[in-house]
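Input: a single structure, listed below in structure tokens.
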Amino acid sequence: MKHNNISIFVTHVGCPHMCAFCNQHTITGNSQIPHAQDVRRICSKALEQIKDPENTEIAFFGGSFTAVPREYMIELLEAANAYLGEGKFSGIRISTRPDYIDDEVLDILKRYGVTSIEIGAQSLNDKVLDANERGHSTLDIVNACKLIKEHNFELGLQLMVGLYRSDMDIELENMEKVLEIKPDTVRIYPVVVLKGTKLAQLFKAGKYHLISMDDVIDLCSKMLYEFENAGIKVLKCGLHASEFVERDMVAGYYHPAFRELCESRIIRENMSNAFRKSGIPIAENAQGQRYHVTCAVSPRCISAAIGHKKANSEHFLKNGINIKVVGDEKLSKYEVEVRDVRVCI
């Protein structure tokens, strides 16, 4: 069942650092900070409209929730807590920094009905964290995750792919470290360079060089596949579509259908492997002999198998294979089976 959030953005409040990549006003499209009356208004309206509140959390995003002044944090939690319980929402989700997690604050969060805590890790490499002015270390991330698990919260990790001073090897190491931590959920955010940030200055000065979009899709598709295969739910893959992001973007890896691109890439790789196992050669810019192949995937993956704007179909056509995709309820997500092969001269 799909999980829902009632998102309330606590923009920049409590953040002790202005990270090199950050412009929360652009990302959220909101420059106002909420108070108790705003929480009550948002939750009351949502409770009237949502059909399955028991599968919905009230979510405080956008800042460093446990770093805000304690009185303000409790004000928001008290207001949200009134909307929890039978016939209401299932709990409260927050996002925060790893260096503002300790036993005391976790006890407070538990008391007011917080069920899920997402840590803005961004990277698990100290060189990258320092270069992007995060103000915390990898050890802070590991320790925060351990404490959150010990207090029996759902643990989420947020990653940024392609940060200043990172590279493909570091990103793959980050993936392995996340797999070792074993969070319940992950959000994968490829970097988007926004106006008014230090990253934008570094990019314009030629000091920050981005790897290609194609490589980032490869990398994020691998992360998506490995995390899901390990039982880690990927809540987000790519920054959410936003007119504010499109307006203020200087460079980076933004695409309104980024997750679809990654899922399509996973299935493309699985198709290639299935074709090879079936003895179907894949030859770049193939000439002469061509194959017509019918392959089956899960019905929910048919669109991804064909690819965004038919990208996978065109990819294989250039490589001598004309594909037809059919659905099979028995197949799992990303699974591919070759069903019929015809050779055309």
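Out of every Cα-Cα pair that region 209-345 contains, those further apart than 23 angstrom amount to 39 percent. Straight-line reach from Lys309: which aspartates and glutamates fall under 13 Å, measuring Cα to Cα and dropping same-chain residues less than 8 apart? Straight-line reach from Lys309, under 13 Å: Glu260. Remark: the chain carries 47 Å² of accessible area per residue (probe radius 1.4 Å; ligands, DNA and RNA excluded).
Model label points for Glu71 and Asp167, set 7 angstrom from Cα along the Cα-to-Cβ axis, are 5.1 nm apart. Residue-normalised convex hull volume from the C-alpha trace of region 180-251: 113 Å³ per residue.
How about region 108-182: which GluC sites (Glu not before Pro) there lie in a loop by DSSP and see at most 16 other Cβ atoms within 10 Å?
Answer by residue number: Glu133.
The mean sequence separation of alpha-carbon pairs under 8 Å and at least six residues apart, normalised by the residue count of the chain, gives a relative contact order of 13 percent. Of the solvent-accessible surface of the chain, computed with a 1.4 Å probe over protein heavy atoms with every protein chain present, carbon and sulfur atoms account for 47 percent.
For the chain, adding -39500 (n - 2.57) for each run of n ≥ 4 DSSP H residues and dividing by the number of residues yields -11500 deg cm²/dmol at 222 nm.
Counting only DSSP beta bridges whose two residues both lie in the chain, roughly 20 percent are antiparallel. In the complete set of protein chains, residue-level accessible area for Tyr225 is approximately 90 Å², probe 1.4 angstrom.
The value given for region 123-260 is a Kirkwood hydrodynamic radius of 15.6 Å, derived from the mean inverse Cα-Cα separation.
Restricting the GluC sites (Glu not before Pro) of region 232-273 to loop positions (DSSP other than H, G, I, E, B) with no more than 14 neighbouring Cβ atoms within 10 Å leaves nothing.
Computed packing ranks the peptides 301-314, 200-213 as 301-314, 200-213, most packed first, by mean other Cβ atoms within 10 Å. Under the shape rule built on the C-alpha gyration tensor, where the axes satisfy a ≥ b ≥ c, region 81-120 is oblate, since a/c reaches at least 1.5 while a/b does not exceed b/c.
On full extension of the chain, what length is gained from Ala205 through Lys333, given 0.36 nm per residue of separation minus the C-alpha to C-alpha distance?
Extending this stretch completely gives an extra 41.8 nm.
Each of Phe9, Gln201, Phe258 was scored by the projection of its Cα onto the charge dipole of the chain, and the greatest displacement toward the positive side belongs to Phe258; charges sit on the C-beta of Lys, Arg, Asp and Glu.
Dividing the Cα radius of gyration of region 271-337 by its Kirkwood radius returns 0.97 for Rg/Rh. Legend: residue pairs Lys45/Lys204; Lys45/Lys330; Lys127/Lys277; Lys195/Lys318; Lys195/Lys222, Cα-Cα distance threshold 32 Å; pairs beyond threshold, Lys45/Lys204; Lys45/Lys330; Lys127/Lys277; Lys195/Lys318.
Backbone phi angles across region 64-73, fed through the Karplus curve with coefficients 6.51, -1.76 and 1.60 (θ = phi - 60°), yield HN-Hα couplings of 10, 4, 7, 9, 6, x, 4, 4, 5, 4 Hz in residue order; Gly and Pro are listed as x.
For the chain, the Kirkwood hydrodynamic radius comes to 21.9 Å, computed from all pairs of different C-alpha atoms. The heavy atoms of Val142 offer some 60 square angstrom of accessible surface to a 1.4 angstrom probe.
The values are calculated or read from the model by the stated rules, or taken from the named source; none is laboratory data. Remember, it's a predicted structure, so these values are computed and weren't measured experimentally. As a convention, Cβ positions derive from the backbone with ideal geometry for all residues, glycine included, and neighbour counts pool all protein chains shown. Ligands, DNA and RNA are excluded from the accessible area calculation, which covers all protein heavy atoms including side chains. Shrake-Rupley method; radii C 1.70, N 1.55, O 1.52, S 1.80 Å.
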